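The values are calculated or read from the model by the stated rules, or taken from the named source; none is laboratory data. Being a predicted model, the structure only gives us computed values, none of them experimental. Because the Cβ atoms are built from the backbone with ideal geometry, glycine has one as well, and the counts that use them run over all protein chains shown.
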Amino acid sequence: MVTFTRRLGEESGVQLNPLVDNSVMPTVSNADQFIGTIGRFSRGRIDKPMLVTRENIRRLLGDGESLRRSELNMTYVMMDETLKDPGGATGIVAQRLVSPYADIGWAYIRLSNVYENPTEFRVSDLTPAMDLVDPDNMALPDSSIYVNGSLIEDFHIAVRHLECFNDGIILAIHVPEVLDEFGSVADSNVVTLQILDSKENLLFSFTGSLHPDAVDEYGQSVFLEDVVKSATDLVEIQVSYPLNGMIDHMASDCYGYDENNRERWAKSDVLTTFVEYAQHGDGFMGYDDDDYRYASTALKNGPTFGYLSTGGSVANGLIDAIAGLSHELNIPAGIDVPSEVPAYMVGLLSGQLGLIGRESDHLLIAYWTPIISDCPAGINPRGMFPSSMYFLGKACGRNAVKNRYGFAKKNHPVAGIDFPLTRRNMAQTAKIESVDFSRMAKGRINPVVWDTFSDRSAVVCRDALTCSPDNSKIKLTSVADMVSDIDRRVTRFAKQALLKPMREAVRMTEEYLQDLFEDAEKSEWLVPGEDPDMQGKSFVFSVYPDPAAPYDRLRYSYSLSYDGAARQIEVTQSVAR
């Protein structure tokens, strides 16, 4: 017998109210274990970013291509190196570059229903994969299928593969054998459709009916189009219906079993349904600012990440896109400057690339890596390979370990002997004088070079500077990392306070900020401030209704004194009598 009710009326009794849980703690995001980047890949969807991991990089992006084909292939090399590193990033959110000159089409199948007439596999006319007028509009072309300019409908199944493989796909189809009520082989309308890559690795397998009204025993549709829609958004299917839904078991070349009791499949050759550099008008002349702008917009709207990288590219448009996105998202970005530039000129590069003096330049970290080595991905011959993504991956690995308060060691710069560059057969190509290092520091460029320590020599990032020209704490990469982290935590909590009563919003925010900053102090992110306004504290903050709109606008302000980093050490020895 129930001893309570959830809602009492006028009767005598016991009302049990819903549980009030005051033990909820704010969750700690793991976005700072992921890197966002833009690059050219031979595979991968073009309409949205992909979450790439060590396990799926080749499935999503292919095997990578030589730098001789495109300098933008460097991004794949850097991603492969970072993801293979056990102390690197958990994953990389990658947006594939695409130009208005990319084309996409349908692969369609005409099933055999006449004895000895084989199943046909063909490709439709290719049409522009993105809107040629508005580069921000990535709506794919409509579903009409044209061949030689004419609309066709005399097909049975059509496939549009949205992962856009440059090297094409293979289709295979099989009709599973069915028996009638007398145990005899019968005609069927159920097919198994497989999509394979050009090396015949299975990508997808779908089994469904060609009849639009087909359902299973639970009343759920098993129409092939519906089966595909429920399974993935990477493939589009159209089913035509001129066979009355039945495939003749006597005439079909893909029905049931052959004379050796093996499943009978019809399989295509490699079908090219996507062309990266189709020729339209004046032809493909390389990626332009609009292409980079589209890619950065798509990347921003994808899965969250805590760092950005140019992926080793020195294309001005890509650097501008990544730097702009760094400001919009308020996260650090690693930028590689050309490795072949002589040491005495490196300090000028940050100005030439427009890194210093732009909005949020304290979030930009520039690396110069004059190191020749074997290719980290094993794709290219020995050469010079950038390092921004490598060191950002090390930051992600560092961030994966958090203390009892949910803070990683972001007060520890990813530089120096604790984070050496590990590549095979490394040799330094540049001769660097002391004055060159000074010029690089003034230009806010971090050299990645050989250095000698008490126990060994190693290739390390020799400095820890952001592109901020100010002589303040935000010129340090560790401080910029902590600043970004704190802002991200506060703004995420601010979403929790939205649309609460004003007094409750003030109270809950004050409690949260007090706990947050105390935990940051215990984690050695914060130290007592020297500014008189800090009154010897490591943090001060205020939460108050805006006097100009006290009924619906709440303001937060906080001042934090971050711990710095020992960039310079002076040593003096005195010889006593």
Residue satisfying all of: in the stretch 403-428; loosely packed, with under 13 Cβ neighbours inside 10 Å and polar (S, T, N, Q); farthest from Leu526 (Cα to Cα) among these: Asn425
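If you scan the stretch 162-191, which residues turn out to be within 17 Å of Asp248 (Cβ to Cβ), of a type in the set (S, T, N, Q) and modelled with pLDDT of 90 or more?
Taking the stretch 162-191 and keeping what is within 17 Å of Asp248 (Cβ to Cβ), we get 173-180, 184-191.
The next check asks that each one be of a type in the set (S, T, N, Q); those that pass are 184, 188-189.
None - no residue of the stretch 162-191 is within 17 Å of Asp248 (Cβ to Cβ), of a type in the set (S, T, N, Q) and modelled with pLDDT of 90 or more, so the list stays empty.
Which one of Ala565, Ala549, Ala576 is in a loop (DSSP other than H, G, I, E, B), outside the structural domain of Ala415 (by TED's automatic domain parsing) and in contact with a helix residue (DSSP H, G or I) (Cβ under 7 Å, 6 or more places away or on another chain)?
On the way: Ala549 fails: in contact with a helix residue (DSSP H, G or I) (Cβ under 7 Å, 6 or more places away or on another chain); Ala576 fails: in contact with a helix residue (DSSP H, G or I) (Cβ under 7 Å, 6 or more places away or on another chain).
Matching residue, one of Ala565, Ala549, Ala576: Ala565.
Out of curiosity, is Gln514 within 30 Å of Phe34 (Cα to Cα), part of a helix (DSSP H, G or I) and at pLDDT below 95? Walk me through it before giving the result.
Details: within 30 Å of Phe34 (Cα to Cα): yes; part of a helix (DSSP H, G or I): yes; at pLDDT below 95: no.
No: the conditions fail for Gln514.
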Residue ID - farthest from Ile474 (Cα to Cα), chosen from residues in the stretch 552-562 that are free of Cβ contacts under 8 Å to residues at least 24 places away in the same chain and not in a loop (DSSP other than H, G, I, E, B): Arg555
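Looking at the stretch 293-354, what helices (runs of 4 or more DSSP H) fall wholly within it and have at least 3 residues that are touching an Asp or Glu at 6+ places or on another chain (Cβ under 8 Å) and either of a type in the set (Ser, Thr, Tyr) or free of Cβ contacts under 8 Å to residues at least 60 places away in the same chain (or both)? Can you show your working first?
Values: elements: 316-329, 343-346, 349-352.
By residue number, 316-329.
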Of all residues in the stretch 476-519 being among the β-branched types (Val, Ile, Thr) and more than 30 Å from Cys461 (Cα to Cα), the one that is surrounded by the fewest Cβ atoms within 10 Å (Cβ to Cβ): Thr491
Where a residue in the stretch 186-198 is in the same structural domain as Val159 (by TED's automatic domain parsing) and of a type in the set (A, V, I, L, M) and its partner, wherever it lies, is surrounded by fewer than 18 Cβ atoms within 10 Å (Cβ to Cβ) and not in a strand (DSSP E or B), with Cβ under 7 Å and at least six apart: Ala186/Asp180; Ala186/His249; Val190/Pro176
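Among the strands (runs of 3 or more DSSP E) lying completely within the stretch 49-114, list those that include at least 2 residues that are aliphatic (A, V, I, L, M) and within 18 Å of Ser313 (Cα to Cα).
On the way: elements: 50-52, 91-96, 107-110.
The qualifying strands (runs of 3 or more DSSP E) are 91-96.
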Residue identified as surrounded by fewer than 18 Cβ atoms within 10 Å (Cβ to Cβ) and more than 30 Å from Arg488 (Cα to Cα) among Asp436, Asp451: Asp451
Residue, modelled with the lowest pLDDT, within the stretch 279-324, restricted to residues that are over 14 Å from Val98 (Cβ atoms) and β-branched (Val, Ile, Thr): Val314
